[in-house]
1. Provide a single number: the residues in region 72-82 that are touching a helix residue (DSSP H, G or I) at 6+ places or on another chain (Cβ under 8 Å) and either under 22 Å from residue 122 (Cα atoms) or crowded, with 18+ Cβ neighbours inside 10 Å (or both).
2. Only one of 63, 31 is surrounded by 15 or more Cβ atoms within 10 Å (Cβ to Cβ) and either farther than 19 Å from residue 133 by Cβ or modelled with pLDDT of 95 or more (or both); which?
3. Sort out which residues of region 44-60 are surrounded by 12 or more Cβ atoms within 10 Å (Cβ to Cβ) and either part of a helix (DSSP H, G or I) or free of Cβ contacts under 8 Å to residues at least 12 places away in the same chain (or both), and write them in order of number.
4. Out of curiosity, is residue 129 modelled with pLDDT of 95 or more, buried (at least 21 other Cβ atoms within 10 Å of the Cβ) and touching a helix residue (DSSP H, G or I) at 6+ places or on another chain (Cβ under 8 Å)?
5. If you scan region 184-201, which residues turn out to be modelled with pLDDT under 95 and assigned to a strand (DSSP E or B)?
6. Just to be sure I understand, how many residues within region 81-104 are under 21 Å from residue 190 (Cβ atoms) and free of Cβ contacts under 8 Å to residues at least 60 places away in the same chain?
7. Take the residues in region 111-120 that are in contact with a strand residue (DSSP E or B) (Cβ under 8 Å, 6 or more places away or on another chain) and modelled with pLDDT under 95, then tell me which one is nearest to residue 69 (Cα to Cα).
8. Among what's in region 96-106 and is buried (at least 18 other Cβ atoms within 10 Å of the Cβ) and in contact with a helix residue (DSSP H, G or I) (Cβ under 9 Å, 6 or more places away or on another chain), pick the residue that is farthest from residue 167 (Cα to Cα).
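The values are calculated or read from the model by the stated rules, or taken from the named source; none is laboratory data. If you're wondering where the values come from, they're calculated on a predicted model, not measured in any experiment. No Cβ is skipped: glycine too gets one built from the backbone with ideal geometry, and neighbour counts run over all protein chains shown.
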């Protein structure tokens, strides 16, 4: 996930669903990016987000090939859409080898959000991924946030506080999946009846750790 200094009020799931009638189609959709055009759009979003972070003096990953990862169909990237607009993209992985945490998990890697739309988008991703992991029979979701400074120093301190308000648990810091210092986050998987009224889901089952070795 990428940190942003913008603040947001917390909104529980029922507050979202209260505004939706079950007879209406979902406002948002999370789906696997199956076409070259969708994957190119995701790569462009990553580049836009990285530029947005850089102009604000916020850290970006040292790894230069992240946009290329989203163009690779073998990576099985996913995207969150609202009326055809790509709000966020990510690469879900099932049980990758991490330097931290025990037991099976769904790892949410390379999460990028549309600039200036981060906060509610991250909340939607949180709701979706906890439900998705539960439906896969995986007990935990794990994610990492780039952290080049102490976790109690802004801007990351504010961002992490918002994530914990959303239900994420902070598990300290250390070396991440791509050999950079990160904040480590866990989220308990939870079935969320009625979520499909808000977020439709057409995400393929994530690839296993063994299958991901060729793209990591």
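1. Adding up the residues that qualify gives 4.
2. On the way: 63 fails: surrounded by 15 or more Cβ atoms within 10 Å (Cβ to Cβ).
The conditions single out 31.
3. 44, 45, 46, 47, 48, 49, 50, 51, 52, 53
4. Values: modelled with pLDDT of 95 or more: yes; buried (at least 21 other Cβ atoms within 10 Å of the Cβ): yes; touching a helix residue (DSSP H, G or I) at 6+ places or on another chain (Cβ under 8 Å): no.
Criteria not met by residue 129.
5. Within region 184-201, none qualify.
6. Residues meeting the conditions: 5.
7. Here the answer is 114.
8. Looking at the filtered set, the residue picked out is 96.
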